[in-house]
Amino acid sequence: MKSRYRFIALPLPLGSPDRWLLESRPGALTLYMPTSGFHGLTLILFFVIVFCYLGAWIAVVTSPWFQDAEPWRDLTLLVTVGGVLIGGLFASMLWFTVVGQYKLLNRYIRKNPDKRKKVDSWELHRVKDGMIRYNLVCAKVGVGDFRLVVKGRFASIKAAIELAAGTSSRSSTR
């Protein structure tokens, strides 16, 4: 069994841009809630990626070797260069949405430890809506109650909850 688990948690109702981090350590379940500064940094990084690819496209199209190749006569070069740049743009956006935000969130948490909130009590539920299964954690943090959809396998989340409940009697798992 691991000594620490981390999961991306999405607050309900779904559709908000917030991504929180739920961390489980022996005897403690912690929720990290980034502020608007983190979301602004994420948005800036996204636009930097987009404009870098736009700049690369302009640099390639206006370069002398590209103009000497006369791509308007033979569209193969134009389609190849355009396909590579557009494919790279979509690949970097996919990386950013899947991996990059998780890495940014981990870095943000290390630099801002005051954003962590200790979870007082929690319940783990598995909800099935048609073909889609959700792992729902109902958490009480301070005075607020939160319902979170946690990304991860149910068995891993259950192991994390059991790790946090190891020394705490205030939690329940279903």
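The values are calculated or read from the model by the stated rules, or taken from the named source; none is laboratory data. Just so we're clear, the structure is a prediction, and the values are computed from it rather than from any experiment. Don't worry about glycine lacking a Cβ; one is built from the backbone with ideal geometry, like all the others, and counts go over all protein chains shown.
Among the residues of the stretch 103-135, the ones that are assigned to a strand (DSSP E or B) and in contact (Cβ under 8 Å) with a residue 24 or more places away in the chain come to 9 in all. Filtering the stretch 28-40 to residues that are at pLDDT 75 or above and hydrophobic (A, V, I, L, M, F, W, C) leaves 28, 29, 31, 33. Considering (1) among the aliphatic types (A, V, I, L, M); (2) modelled with pLDDT of 80 or more; (3) within 28 Å of residue 13 (Cα to Cα), the lone condition that residue 60 does not fulfil carries the number (3).
You will find that of 55, 100, 82, the residue that is at pLDDT 85 or above and assigned to a helix (DSSP H, G or I) is 55 and no other. The test for being more than 20 Å from residue 152 (Cβ to Cβ), touching a helix residue (DSSP H, G or I) at 6+ places or on another chain (Cβ under 7 Å) and modelled with pLDDT of 80 or more does not hold for residue 124. Taken together, the residues in the stretch 63-79 that are at pLDDT 85 or above and outside any helix (DSSP H, G or I) amount to 1.
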